[in-house]
Amino acid sequence: MSQELDVMVLATHGAQVLITEMLTGGWQLLREKIARFLRRDGQERSSRQLEMLDEIERSLPEASEADREAIQERLVRQFAAYLDRFPEMADELRELLPTQDEASSPASTMAAYNNTNSQILQSLGDIDAGDGGINYGVPSRKGER
């Protein structure tokens, strides 16, 4: 049971990394590493997997949040199935992904859509704006009280 849980944690982390890299333009750098990782499935099957990943990368920016969640779930299942067939590949997957303490939960992902001329803040803790709030591109409220 512990091994199964470890596979799901690793598969979830792998899917999150792929989606993040696809959204931030890093997919092409990761693509060759993923191709080598998928080699156990043989040339034809791994080529089909890469084509599917390329298609996801092209469509992901316009995908709805629900579609992105479905894509991530699909990738988790595919990673988990691959690792179930080839458990010896788990260490290689860990090596090609950014370091993560497997005892902790997978890192949060932030997504912001349709935010033209907006400022996006991300914090690892609370942000306190005091009495004034956080405004961007809005005239100052000094003297409005």
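When you scan segment 68-76, do you find a residue that is at pLDDT below 90, assigned to a helix (DSSP H, G or I), of a type outside the set (Asp, Glu) and out of contact with any Pro (no Cβ under 7 Å at 6 or more places or on another chain), even just one? Checking segment 68-76: not a single residue is at pLDDT below 90, assigned to a helix (DSSP H, G or I), of a type outside the set (Asp, Glu) and out of contact with any Pro (no Cβ under 7 Å at 6 or more places or on another chain).
Just to be sure I understand, how many residues within segment 50-74 are closer than 20 Å to residue 95 by Cα and open to solvent by 50 Å² or more (accessible area, probe 1.4 Å)? The qualifying residues number 0. Within segment 77-101, restricting attention to residues that are surrounded by 15 or more Cβ atoms within 10 Å (Cβ to Cβ) and not in a helix (DSSP H, G or I), the residue that is farthest from the chain's Cα centre (by Cα) is 86. Answer yes if at least one residue in segment 12-23 is modelled with pLDDT of 90 or more, acidic (Asp, Glu) and out of contact with any helix residue (DSSP H, G or I) (no Cβ under 9 Å at 6 or more places or on another chain), and no otherwise. Checked segment 12-23: no residue is modelled with pLDDT of 90 or more, acidic (Asp, Glu) and out of contact with any helix residue (DSSP H, G or I) (no Cβ under 9 Å at 6 or more places or on another chain).
The values are calculated or read from the model by the stated rules, or taken from the named source; none is laboratory data. It should be emphasised that the depicted structure is a prediction, and the values quoted were computed from it without experimental measurement. As a convention, Cβ positions derive from the backbone with ideal geometry for all residues, glycine included, and neighbour counts pool all protein chains shown. We work out accessible area using only protein heavy atoms, side chains counted, and drop any ligands, DNA or RNA first. Shrake-Rupley method; radii C 1.70, N 1.55, O 1.52, S 1.80 Å.
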